[in-house]
Amino acid sequence: MKQFHDVRPCRGNIGAGPALRVALAAALIALAGCAPDVNVRGNAVKIENLEKIKPGTQDRSAVQELLGSPTNVATFSNETWYYISQKDHRIAFSKITPITRQVIAISFDQRGRVQEVKKFSLADARKIDPVDRVTPTPGQEFSLLQQLIGNLGRFEQSGEGDGF
């Protein structure tokens, strides 16, 4: 006499697999959202190129060839070039926090030769408090209703065509 056995595989608790996968996926997504977003901004100067610059020897074109175009030039004269770079990070929706900052200030003399090279880091930074004042602009301030209704009747027909 033949005996038949049930050949269906044992699957255990069927509901645990999909629920576990969903929970694991949700946890991974949540962790990915909290990973820091690291950004490098500006013109990062290579130290080996910066060490090649010696006061009194190079001119502006030699500095630009070694370091590239400056990030900024002095406001009232072009006697100082600034190379500014910053590495910062942000976690989720928090404020951007700087990790490192490098500012290289290269001053030129009247002949256009390098006079001085200064290096500044994040430790040299100073916190400033911006002024909250707003510069007033001359003119009238209109309410929303005045702005919406104010243009009615101001359209003129010009030439031929459908116009307003």
Unmet criterion (only one of (1) modelled with pLDDT under 85; (2) under 30 Å from residue 51 (Cβ atoms); (3) among the polar types (S, T, N, Q)) for residue 135: (2)
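Do you know which residues across segment 83-102 are closer than 16 Å to residue 117 by Cβ and without any contact (Cβ under 8 Å) to a residue 24 or more places away in the chain? First the steps, then the outcome.
To start, the set of residues in segment 83-102 that are closer than 16 Å to residue 117 by Cβ comprises 83-85, 102.
None - no residue of segment 83-102 is closer than 16 Å to residue 117 by Cβ and without any contact (Cβ under 8 Å) to a residue 24 or more places away in the chain, so the list stays empty.
Surrounded by 14 or more Cβ atoms within 10 Å (Cβ to Cβ) and either in contact with a Cys (Cβ under 6 Å, 6 or more places away or on another chain) or of a type outside the set (A, V, I, L, M, F, W, C) (or both): does that describe residue 79?
Criteria met by residue 79.
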Residue, farthest from residue 89 (Cα to Cα), within segment 41-58, restricted to residues that are surrounded by 15 or more Cβ atoms within 10 Å (Cβ to Cβ) and at pLDDT 90 or above: 58
Residue match in segment 114-123 (condition: closer than 26 Å to residue 69 by Cα and among the aromatic types (Phe, Trp, Tyr)): yes
Residue list for segment 110-146, filter: in a strand (DSSP E or B) and within 25 Å of residue 87 (Cβ to Cβ): 117, 118, 119, 120, 121
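Going residue by residue through segment 99-119, is there one that turns out to be among the hydroxyl-bearing types (Ser, Thr, Tyr), surrounded by fewer than 14 Cβ atoms within 10 Å (Cβ to Cβ) and farther than 18 Å from residue 44 by Cβ? Steps first, answer last, please.
Within segment 99-119, the first condition is being among the hydroxyl-bearing types (Ser, Thr, Tyr), and the residues that meet it are 100, 107.
Narrowing further to those that are surrounded by fewer than 14 Cβ atoms within 10 Å (Cβ to Cβ): 100.
Still in the running and farther than 18 Å from residue 44 by Cβ: none.
No: segment 99-119 contains no residue that is among the hydroxyl-bearing types (Ser, Thr, Tyr), surrounded by fewer than 14 Cβ atoms within 10 Å (Cβ to Cβ) and farther than 18 Å from residue 44 by Cβ.
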In segment 88-119, the residues that are closer than 20 Å to residue 39 by Cα and either of a type in the set (Gly, Ala, Ser) or over 20 Å from the mean Cα position of the chain (by Cα) (or both): 92, 94
Exclusive hit being assigned to a loop (DSSP other than H, G, I, E, B) and either of a type outside the set (D, E, K, R) or at pLDDT below 90 (or both), set 69, 61, 107, 85: 69
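So if I check each of 63, 73, which one is over 21 Å from residue 124 (Cβ atoms) and aliphatic (A, V, I, L, M)?
63
Keeping to segment 82-98, report how many residues are touching a Gly at 6+ places or on another chain (Cβ under 8 Å) and either of a type in the set (Phe, Trp, Tyr) or surrounded by 13 or more Cβ atoms within 10 Å (Cβ to Cβ) (or both). Spell out how you get there, then give the answer.
Taking segment 82-98 first, the residues touching a Gly at 6+ places or on another chain (Cβ under 8 Å) are 83-86, 92.
Within this subset, residues satisfying the condition of being either of a type in the set (Phe, Trp, Tyr) or surrounded by 13 or more Cβ atoms within 10 Å (Cβ to Cβ) (or both) are 83-86.
The total comes to 4.
The values are calculated or read from the model by the stated rules, or taken from the named source; none is laboratory data. What you see is a predicted model, and the numbers here were worked out from it, not measured in a lab. Backbone-built Cβ (ideal geometry, glycine too); neighbour counts: all protein chains shown.
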